[in-house]
Every structure is written in C-alpha cells, then in structure tokens.
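The values are calculated or read from the model by the stated rules, or taken from the named source; none is laboratory data. Just so it is clear, the structure is predicted and the values come from calculations on it, not from any experiment. Positions of Cβ are backbone-derived with ideal geometry, glycine not excepted, and every protein chain shown enters the neighbour counts.
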Amino acid sequence: MGKHLISSGVKQRNKPSRLSVSKVMTIVIAFHQSGYQDFKTYYIHFVCRYLTNEFPKLVSYTQMLKFMQGILVPLRSYLTHLLGKADSDCLH
C-alpha cells in the first residue's frame, strides 16, 4: 500500500530556491559599495524590494546568510585577482 500525506493547506515548494555563487558575491560586493550600515537592512529593504528583476530567485535573509558562508573562498580569490591586476596596472 502506498503512503498518503495529509495536506496541511500550506503551499510547499517542490524545488528549493537557489542563488548562484556569482549572484551571492555580486550582492555582497554591492552591499559594501551601497552605504548601508548593516547587511540585513540592505538585503531586506533594498535587494528584496528593488532588485527582484536582477535576482528573480531571491531567498530569505536567513538562507542568504547560509549561502554567504560558501562564498568566502571564491570571493577572496576574485578580490585577490583584482588586487593583483591593479598592482600590475600601476607598474606600467
């Protein structure tokens, strides 16, 4: 016999929302250039309100914090690359 689930009436997503590493990095870099004092206010009151066309698969603030933990290494690599590029540009 198959198992049947009783519907709670609450809509549930079949696929979890997901942001790419590059999009999370873009949001974090933009925050540091934005002038906002804290990331929570920036994310909830600016990104989720005004950047939904640019980031159609936005996640909750709590989920975003989890995604941010996974971008430290790629973000550092990207910034190191930019810094190295800026240093070499100064030498020419």
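I need the full set of residues from region 1-59 which are modelled with pLDDT of 95 or more, under 19 Å from residue 72 (Cα atoms) and either in a loop (DSSP other than H, G, I, E, B) or touching a strand residue (DSSP E or B) at 6+ places or on another chain (Cβ under 9 Å) (or both), in order please. Those that are modelled with pLDDT of 95 or more, under 19 Å from residue 72 (Cα atoms) and either in a loop (DSSP other than H, G, I, E, B) or touching a strand residue (DSSP E or B) at 6+ places or on another chain (Cβ under 9 Å) (or both): 38, 59. Across region 42-68, what is the number of residues that are exposed (fewer than 12 other Cβ atoms within 10 Å of the Cβ) and either more than 15 Å from residue 20 (Cβ to Cβ) or small (Gly, Ala, Ser) (or both)? Here the count works out to 6.
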